[in-house]
Every structure is written in structure tokens, then in C-alpha cells.
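Single-structure report; data block below.
The values are calculated or read from the model by the stated rules, or taken from the named source; none is laboratory data. Since the model is a prediction, treat every value here as computed from it, not as a measurement. Counting neighbours? That spans all protein chains shown, and the Cβs are built from the backbone with ideal geometry, glycine included. For accessibility, only protein heavy atoms count, side chains too; no ligands or nucleic acids. Shrake-Rupley method; radii C 1.70, N 1.55, O 1.52, S 1.80 Å.
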Amino acid sequence: MTTHPDVLPHDLIPEALYPTLSTLCAVSIDVAGVIARGTLSGALAEQVGENTDGDNQKALDVMADEMFEAALRGGDVRWYGSEEQEDALLLSENGKYALAIDPLDGSSNIDVNVSIGTIFSIFDTKEGAEESFLRPAKEQIAGGYILYGPATCLVVTFGNGTQQYILDPVKGVFVLVEAAMQVPETSKEFAINASNYRHWTKPVRAYIDDCLEGMNGPRGKDFNMRWVGSLVAETHRILTRGGIFLYPGDSRPGYENGRLRMVYECAPIAFVIEQAGGMATNGEVPILDQQATTLHGRIPLVFGSTDKVQRVADHHTLTA
Ligand code: AFP
């Protein structure tokens, strides 16, 4: 694994994790460069296969996965668990960490030039892959994402608050811009894929119905809806201006536990959100107290401003 001593300031990064974080950042700069060139980089949105869950695999999904895997091989990461690969890979016999990754999240947005991202979670490794990843999410030692948007940014937590870094594309380095992000407590925005309304459970419908009734309903104010189709973009908006995101379980076959995966999507997002003073649940109980039973296991995800997420949990209690 090559080192990248200057790609990221050292101040708020635990020294032992710096080589791994700097490698993730160095690869993300290359991924951002591929994305920024769009179809000049090739048919990035071309379907090239299916992942273990039967989701369409786009060319950029596979390319990003190969870039991260190759760069991390031989370094401090022992186990590499990727959305794009059925089983975890042993990258370094003597590695100290188990890293789970969604190399390219939001791939349905690749061909329409909408923000996409990489999501990662790091544990202290155990001997085996399963015991390293299938454990309470609160045992993460790092979690975060890289957002490939108009600006490329890294948002990460090591358990001492949530930091934001912006890529300076001219200098090719990430610059710290926020040492302690805070989820705003008030917002009028909610994010959910409303086309699934008929499949939702009663508590979720009740929460959204109240939002839709607006000023004349129990919430006494009007709301606005957002749905980007990229979890990383939704997370960044909520970290920046508050709100709530819901991907609940629903009655569609295969969606009993929603669409998002615990190990490399929900757990790291919950970590950055809670470290920024927000809340993340499966609709009822904290995500960080849950653990996956399989590497690609799904879990419903509700996160954002604490009072909003708590209100969803209250609806579940009321209709229990
Ligand atoms: P893709 O990576 O397959 O586009 O999925 C993105 C995602 O996992 C997450 O980033 C979005 O929030 C969510 O799926 C969108 O799901 P719907 O397409 O069902 O709205």
C-alpha cells in the first residue's frame, strides 16, 4: 500500500488510522476525477452485472471497488467487506482493521450527473471476517463518506464528533472546513421515496400523513420533500440543514427490512449522524445498538434531527 502523507491534515485523524484514511482519500480523488469526466471516462453507467443482492452493477461500481481494494491491499486493512463482492477479502494477513465499504453509492444517478458517494466503516479486526463485521455497530472505530458532488468532500467520525473536509482539486488535498458538525434541530424537510406509500406500515404512513397535512394538521407547519436517490447526498443535506430521512421496511417482497445495508451503509451513516447530535434508528431503536447477521444484511433506516426521528419512534409505540 503506498502512503499519502499530505492528502489530509493529521490533526483530527488518529495516527494509527492515518495511512488507511489517507489511502481512502487518495483513491477518492481518482474516483472523483473519473466521475468529473462523465462519459469521457467511458460508459460508467453501463450495467455490467449483478451484485450478491441482485442489484444492477454499473461499470463505475466495479471500477471504484477495484480501485479501493487494490490501494488498500498489503496495508493496515485485514478484512475488506464490499457491497460489490459476495465475501469479505483478506487484504493483509497482519492488518489491524476490518473495513466495510459501499464503493459507489447512488449508482442509479451516475448517468444523470447527480451527486454520488462512497461510504465506509472501520472496526478493529478480529481473526475471522464474520466476527469482524457482524457485531454491534457501536463498536465501529471510524465511519464516514466521500461525497462526489459539485464539491468533493469527506465527512468522517472517530467517535469524537464529526468532521468535514473539502477537496481542493487544484492542490489535490483535503482541507478541514468543519471540526464538529451539528445536525440542526429544526427543519421543514423530510426525505422518503413517496412512490412506496401503499407499501408502508401504519406508523410510517401516520408520520408522513401528518407532514402532508402541513399547517392545518397536527404539526402546525408546512413541510418540503426531498428524494435524491443517493444516501450520501441526503445525509450531507441533513447534516448541513437538518431534516429526516426514512427508508423503512415495506410490504414489497425483499423489502421487509428496507433497501439499505447495515454494515457498509446504515452503520457508518448512523455513526456520523449521532456524533453530530442527531439520531439514527431502524424506526424504533438505535441503529448503533444493532448488528448485522450477514455482510449484506439490510435494516430499515430513519435518521436526522433528533426530535423528528423520535416522533417516528413514538408513532411505532402508539400503533404497537
Ligand atoms: P443505488 O446505488 O442502487 O442507486 O442505490 C442507492 C441507494 O442505496 C441509496 O443511496 C438511496 O437512498 C436508495 O438506494 C434509493 O432507493 P430507491 O431507488 O428505492 O428510492
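Scanning the stretch 107-122 for residues that are over 18 Å from GLY74 (Cα atoms) and open to solvent by less than 10 Å² (accessible area, probe 1.4 Å) returns ILE116, GLY117, THR118, ILE119, PHE120, SER121. Of the residues LEU89, LEU72, LEU60, the single one that is closer than 26 Å to GLY297 by Cβ and either touching a residue at least 60 places away in the same chain (Cβ under 8 Å) or outside the structural domain of GLY172 (by TED's automatic domain parsing) (or both) is LEU72.
Applying the set (1) open to solvent by less than 30 Å² (accessible area, probe 1.4 Å); (2) within 21 Å of GLN164 (Cα to Cα); (3) without any contact (Cβ under 8 Å) to a residue 24 or more places away in the chain to GLY49 leaves exactly one unmet item: (2). Here ALA43 fits the description: more than 16 Å from the ligand (Cβ to nearest atom), at pLDDT below 95 and surrounded by fewer than 18 Cβ atoms within 10 Å (Cβ to Cβ). Remark: pairs (first residue in the stretch 1-16, among the charged types (D, E, K, R); second residue open to solvent by 50 Å² or more (accessible area, probe 1.4 Å); Cβ separation under 8 Å; 6+ apart in sequence or on different chains) = ASP11/LEU176. For the stretch 68-106, taking the residues that are within 16 Å of the ligand (Cβ to nearest atom) and not in a strand (DSSP E or B), the one that is surrounded by the fewest Cβ atoms within 10 Å (Cβ to Cβ) is identified as GLN85. Cβ-Cβ distances below 9 Å connect the following pairs, each with a first residue in the stretch 179-196 that is assigned to a strand (DSSP E or B), a second residue that is open to solvent by less than 50 Å² (accessible area, probe 1.4 Å) and away from the ligand (no atom under 16 Å from the Cβ), and a separation of six or more residues or different chains: GLU189/PHE223; GLU189/GLY242; PHE190/TYR207; PHE190/CYS211; PHE190/PHE223; PHE190/LYS308.
Scanning the stretch 283-311 for residues that are closer than 27 Å to GLY128 by Cβ and open to solvent by less than 40 Å² (accessible area, probe 1.4 Å) gives ILE287, LEU288, ALA292, LEU295, HIS296, GLY297, ILE299, LEU301. I'd like the full set of residues that are part of a loop (DSSP other than H, G, I, E, B) and within 12 Å of the ligand (Cβ to nearest atom), limited to the stretch 230-262. Once the filter is applied, which keeps residues that are part of a loop (DSSP other than H, G, I, E, B) and within 12 Å of the ligand (Cβ to nearest atom), the stretch 230-262 yields SER230, PRO248, ASP250, ARG252, GLY254, TYR255, GLY258, ARG259, LEU260.
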